[in-house]
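To start, the structure itself, in structure tokens.
The values are calculated or read from the model by the stated rules, or taken from the named source; none is laboratory data. Just so it is clear, the model here is predicted, and its values are computed rather than measured. Backbone-built Cβ (ideal geometry, glycine too); neighbour counts: all protein chains shown.
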Amino acid sequence: MVAMYKLILEVKEVKGRCAAGYKVGDKIVVKEPSILVKESNNVCLYAIGALLPYLTVAYREVSKSDWINQLQHLQCPDPINTVIFKISRQKLSPEHTIVNL
């Protein structure tokens, strides 16, 4: 069985002016396979598109030495008005585990 995590992406820094309107403290909360809209602020499609490959790995429990466990921050792809997100993981209850067959 593979434990699953809820992900919280919290805006830690905005360099310039974010076109999506992100401010420090805004959050995107993800519980695979959905963004929890009621727990999230605005969701930028460009940021989600760029972060998605990392998020799909971060949902799952992996070996302690896996690179995803070292990851603390992600950023949107805008090179001028960059938004830096802190990534936090909250372990979900056992009913949210994946059973390997």
Checklist entry - Of the conditions (1) outside any strand (DSSP E or B); (2) surrounded by 15 or more Cβ atoms within 10 Å (Cβ to Cβ); (3) within 15 Å of the chain's Cα centre (by Cα); (4) of a type in the set (A, V, I, L, M), I8 fails just one. Which one is it? => result (1)
Checklist entry - Filtering region 23-74 down to residues that are free of Cβ contacts under 8 Å to residues at least 12 places away in the same chain and of a type in the set (D, E, K, R), which residue is farthest from A3 (Cα to Cα)? => result K38
Checklist entry - For the subset of region 21-35 comprising residues that are assigned to a loop (DSSP other than H, G, I, E, B) and at pLDDT below 95, which member is surrounded by the fewest Cβ atoms within 10 Å (Cβ to Cβ)? => result P33
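Mind listing whichever residues of region 4-25 are more than 12 Å from A58 (Cβ to Cβ) and not charged (D, E, K, R)?
Pass one, region 4-25, residues more than 12 Å from A58 (Cβ to Cβ): 10-25.
V11, V14, G16, C18, A19, A20, G21, Y22, V24, G25, listed by residue number.
Of the residues in region 11-20, how many are over 19 Å from L71 (Cβ atoms) and either surrounded by 15 or more Cβ atoms within 10 Å (Cβ to Cβ) or touching a strand residue (DSSP E or B) at 6+ places or on another chain (Cβ under 6 Å) (or both)? Lay out the reasoning, then the answer.
Applying the first criterion (over 19 Å from L71 (Cβ atoms)) to region 11-20 yields 14-20.
After this cut, where a residue has to be either surrounded by 15 or more Cβ atoms within 10 Å (Cβ to Cβ) or touching a strand residue (DSSP E or B) at 6+ places or on another chain (Cβ under 6 Å) (or both) as well, the list is 14, 18, 20.
Of the residues in region 11-20, 3 are over 19 Å from L71 (Cβ atoms) and either surrounded by 15 or more Cβ atoms within 10 Å (Cβ to Cβ) or touching a strand residue (DSSP E or B) at 6+ places or on another chain (Cβ under 6 Å) (or both).
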Item to check | Matching residues in region 43-57 - criterion: being surrounded by 13 or more Cβ atoms within 10 Å (Cβ to Cβ) and either more than 15 Å from S88 (Cα to Cα) or at pLDDT 95 or above (or both) | outcome: V43, C44, Y46, A47, I48, A50
Checklist entry - Failed condition for K91, given (1) surrounded by 13 or more Cβ atoms within 10 Å (Cβ to Cβ); (2) touching a residue at least 60 places away in the same chain (Cβ under 8 Å); (3) among the basic types (K, R), with all others met? => result (1)
